[in-house]
Amino acid sequence: MNRLILTTLGLLLASTALAEDVDRTIDAHSGARVSVSIVEGSLDIVGWDRNEVQVRGTIGGDVEEFVFERDGKDILIKVKVPSRNSGRKDYSANLDIRVPAGSSLDVGTVSADIEVEGVTSEQELQSVSGDVSTEAFAADIDAETVSGDVEIEAHNDRASGEWELSTVSGDIVAIGLSGELEANVVSGDIRVIGGGFSRARIETVSGNLDFSAALAAGGKLDMESVSGNIDLEFEGEVSARFDVESFSGRIKNCFGPKAERTSKYAPGVELSFSEGAGDGRVSLSTLNGNIEICKR
């Protein structure tokens, strides 16, 4: 019996590939275009003041190939896995990556968290099952995940650009951004804190929406939830035309005008009014939830 156990254990150990340490560096352009692709694990990407890309960490023993190469300004970091496999394999990659601060990023993962800090150029960050977190400067960012949270925070509370944020199942938090924002969730909450926008479209199917920021002169804000509350608090003065409706809920308006029933036979309420010169546009809608409008 002991011999059988030892033999079985030996076979299991022999079939289990060991993880591999990675520590590699390559010269890079200060405005490099860095592409990263892994299946599972984690990515920690940081911008630094060197014209080099450095990769440190571990990769699973069943990875087919670790690719780290340069073609002009383009840097490719990729964990390749076999096209066919059977049983549980270790395709993980837990990588700590340093890139020139002015690099642009194109990052894709299947089941891995992505965290970015100190990268000042454009970013495209996508995960199927993982959280996405990044720091914003003055360049556009597209951050998406299917199952996970998305968080983006402005460097030194100041960042202006175009921001596209989405998740199917998770929450979105945007802090200190300015410019144009599009944020979409199927099941989860969206919080927009600080900053100011010329255009913002914020939508969730099942979740609450919180917006506490400024709206630029002539700006446009659309917020919509099927099942959830909408809480809108303007920073500073606002000049806009408001159109607000809730099918099953109440509307609280700190600006003065009161909501009215849409019909004596139905529960819906609506509110339309102008604040200031009315040169902007604010549209708020929820099917099942309350709406509150106020300012600091």
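Listing for the model above:
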| quantity | calculated |
| --- | --- |
| Sole residue being touching a residue at least 24 places away in the same chain (Cβ under 8 Å), charged (D, E, K, R) and either surrounded by 19 or more Cβ atoms within 10 Å (Cβ to Cβ) or under 23 Å from residue 220 (Cα atoms) (or both), chosen from 142, 189 | 189 |
| Test: residue in the range 122-137 that is small (Gly, Ala, Ser), in contact with a Phe, Trp or Tyr (Cβ under 8 Å, 6 or more places away or on another chain), crowded, with 17+ Cβ neighbours inside 10 Å and over 15 Å from residue 42 (Cα atoms) | yes |
| Residue selected from the range 264-296 under the condition charged (D, E, K, R) and closer than 29 Å to residue 217 by Cβ, by the criterion surrounded by the most Cβ atoms within 10 Å (Cβ to Cβ) | 275 |
| Some residue of the range 216-230 being within 22 Å of residue 33 (Cα to Cα) and either touching a strand residue (DSSP E or B) at 6+ places or on another chain (Cβ under 6 Å) or outside any strand (DSSP E or B) (or both) | no |
| Test: residue in the range 159-182 that is in a strand (DSSP E or B), modelled with pLDDT under 95 and small (Gly, Ala, Ser) | yes |
| Residue 256 vs. criteria in the same structural domain as residue 223 (by TED's automatic domain parsing), in contact with a strand residue (DSSP E or B) (Cβ under 6 Å, 6 or more places away or on another chain) and of a type outside the set (Phe, Trp, Tyr) | no |
| Residue match in the range 244-263 (condition: crowded, with 16+ Cβ neighbours inside 10 Å and in contact with a Pro (Cβ under 8 Å, 6 or more places away or on another chain)) | yes |
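A quick yes/no check of all residues on (1) within 24 Å of residue 178 (Cβ to Cβ); (2) of a type in the set (A, V, I, L, M, F, W, C); (3) without any contact (Cβ under 8 Å) to a residue 24 or more places away in the chain:
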position: 226; (1), (2), (3): no, yes, no
position: 231; (1), (2), (3): yes, no, no
position: 252; (1), (2), (3): no, no, no
position: 271; (1), (2), (3): no, yes, no
position: 281; (1), (2), (3): yes, no, no
position: 294; (1), (2), (3): yes, yes, no
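Conditions tested, residue by residue: (1) more than 17 Å from residue 275 (Cβ to Cβ); (2) surrounded by fewer than 19 Cβ atoms within 10 Å (Cβ to Cβ); (3) β-branched (Val, Ile, Thr); (4) not assigned by TED's automatic domain parsing to the domain that holds residue 169.
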residue: 201; (1), (2), (3), (4): yes, yes, no, no
residue: 216; (1), (2), (3), (4): no, yes, no, no
residue: 223; (1), (2), (3), (4): no, no, no, no
residue: 232; (1), (2), (3), (4): no, no, no, no
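The values are calculated or read from the model by the stated rules, or taken from the named source; none is laboratory data. Just so you know, these numbers come straight off a predicted model, no measurement behind them. All Cβ positions, glycine included, derive from the backbone under ideal geometry; neighbour counts span all protein chains shown.
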